[in-house]
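> Right, I'll just put the structure down here and ask away after.
The values are calculated or read from the model by the stated rules, or taken from the named source; none is laboratory data. The structure displayed is predicted, hence computed values, not measured ones. Reconstructed Cβ throughout: ideal geometry from the backbone, glycine too, with neighbour counts over all protein chains shown. Surface accessibility is based on the protein's heavy atoms, side chains included, excluding ligands, DNA and RNA. Shrake-Rupley method; radii C 1.70, N 1.55, O 1.52, S 1.80 Å.
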Amino acid sequence: MTEVHCVLFTSFRMQTGALTGFSAKSLPTNVHIGLQMPSTPGAKTVTVNGDYLYFHYGCDGLDDRGWGCGYRTVQTLASWLFHNCDLPKGRHMLAPSLPDMQRALVSLGDKPEHFSGSRDWIGTVEAALVLDYFYEVPCKIAHLRGHFERQGSPVMMGGGADNSSKGVLGVCSAEGHDGSSLLIVDPHYYGVQRDRAELQRQAWVSWTRISSLDHSSFYNLCLPQTGNIRQTLK
């Protein structure tokens with residue numbers, strides 16, 4: 001059976017950084033919209049609530065293929081915070097750059113000095129640290145369905161044997177049914193910007209059966225907890 005674990009890291013307050021020299025206008029938004037729903041009988045589906053951008057390999061001109069998927073997933077989560085939360089003064093940025101995230105983790109003492117400027121990957125533990133560092137948004141343990149109902153933010157998922165970071169935008173499940181699915185947004189796409197329909201056709205965003213995950217791997221989930229900074233959607 002596939003194990004699913006969540007991480008809890010909070011209470012780091014340091015200097016901010018920001019994504020610079022890059023226009024987000026070229027990035028696709030809300031890439032799950034229009035995707036066909038899973039055909040699970042009697043299932044209840046809950047998805048991300050609010051706008052976000054799809055960050056992926058090379059989207060800002062930095063070729064991070066093979067090591068940057070965790071950073072890109074963090075940027076997708078960060079863009080949701082930017083668009084949907086009343087962030088503290090000085091924290092209102094679209095997304096931290098990859099070098100900014102590395103410097104933050106070194107500053108926090110989580111990584112050694114040589115980590116900054118490296119091609120070392122990050123996982124959900126580092127994602128929780130980065131989101132708290134830049135946005136003062138902690139991450140904690142929560143049930144996935146309850147998270148989307150109460151918080152509405154994207155989730156970052158990474159594992160052991162399956163160490164490819166990915167974003168989770170929703171969950172579809174039914175009691176007593178083994179066909180539960182996760183709405184996955186995959187940051188591993190590299191190339192020219194594609195529109196939402198093309199990304200869906202190529203399965204860069206797709207509903208994925210939980211049974212298809214690597215059963216030899218554990219999975220960690222990073223779930224942002226926005227509390228009273230969450231904006232009321234119109």
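> Go over the candidates SER181, SER173, SER211, SER216 one by one and state the one that is touching a residue at least 24 places away in the same chain (Cβ under 8 Å) and open to solvent by less than 10 Å² (accessible area, probe 1.4 Å).
SER181
> Let me ask another. Looking only at region 142-201, which residues are of a type in the set (Gly, Ala, Ser), farther than 15 Å from TYR54 by Cβ and in contact with an Asp or Glu (Cβ under 9 Å, 6 or more places away or on another chain)?
Residues satisfying the conditions are GLY159, GLY160, ALA161, SER164.
> Given the structure, is ARG103 more than 17 Å from the chain's Cα centre (by Cα) and open to solvent by 40 Å² or more (accessible area, probe 1.4 Å)?
Yes: the conditions hold for ARG103.
> Something else now. Could you list, ordered by first residue, the pairs with Cβ atoms under 6 Å in which the first is in region 122-140 and closer than 26 Å to ARG65 by Cβ and the second is polar (S, T, N, Q), at least 6 apart or interchain?
Every condition considered, the pairs that remain are THR124/ASN220; PHE134/THR16.
> Tell me, please, whether a residue that is touching a Ser or Thr at 6+ places or on another chain (Cβ under 8 Å) and farther than 22 Å from GLN225 by Cβ can be found in region 82-101.
Within region 82-101, one or more residues are touching a Ser or Thr at 6+ places or on another chain (Cβ under 8 Å) and farther than 22 Å from GLN225 by Cβ.
> Take region 27-45 and flag every residue that is among the β-branched types (Val, Ile, Thr) and either in a loop (DSSP other than H, G, I, E, B) or under 12 Å from SER206 (Cβ atoms) (or both).
Result: VAL31, ILE33, THR40.
> Residue under question is LEU87, and the condition is that it be open to solvent by 10 Å² or more (accessible area, probe 1.4 Å), modelled with pLDDT under 95 and more than 23 Å from TYR219 (Cα to Cα); does it hold?
It is true that LEU87 is open to solvent by 10 Å² or more (accessible area, probe 1.4 Å), modelled with pLDDT under 95 and more than 23 Å from TYR219 (Cα to Cα).
> Read through the list (1) within 19 Å of the chain's Cα centre (by Cα); (2) part of a loop (DSSP other than H, G, I, E, B), then give the number of the only condition that GLY61 fails.
All conditions pass for GLY61, except number (1).
> Restricting the search to region 34-45, which residues are buried (at least 18 other Cβ atoms within 10 Å of the Cβ) and of a type outside the set (S, T, N, Q)?
LEU35, PRO38
> Just checking, how many residues over region 125-150 are of a type in the set (A, V, I, L, M), touching a strand residue (DSSP E or B) at 6+ places or on another chain (Cβ under 9 Å) and open to solvent by less than 10 Å² (accessible area, probe 1.4 Å)?
Total meeting the criteria: 5.
> A further question follows. Residues of region 194-208 being crowded, with 16+ Cβ neighbours inside 10 Å and not small (Gly, Ala, Ser), which ones?
ARG194, ARG196, LEU199, GLN200, TRP204, VAL205, TRP207, THR208
> Scan (1) over 18 Å from the mean Cα position of the chain (by Cα); (2) more than 24 Å from GLY123 (Cβ to Cβ); (3) modelled with pLDDT under 90 for the single condition ALA197 breaks and write down its number.
Result: ALA197 fails condition (3) only.
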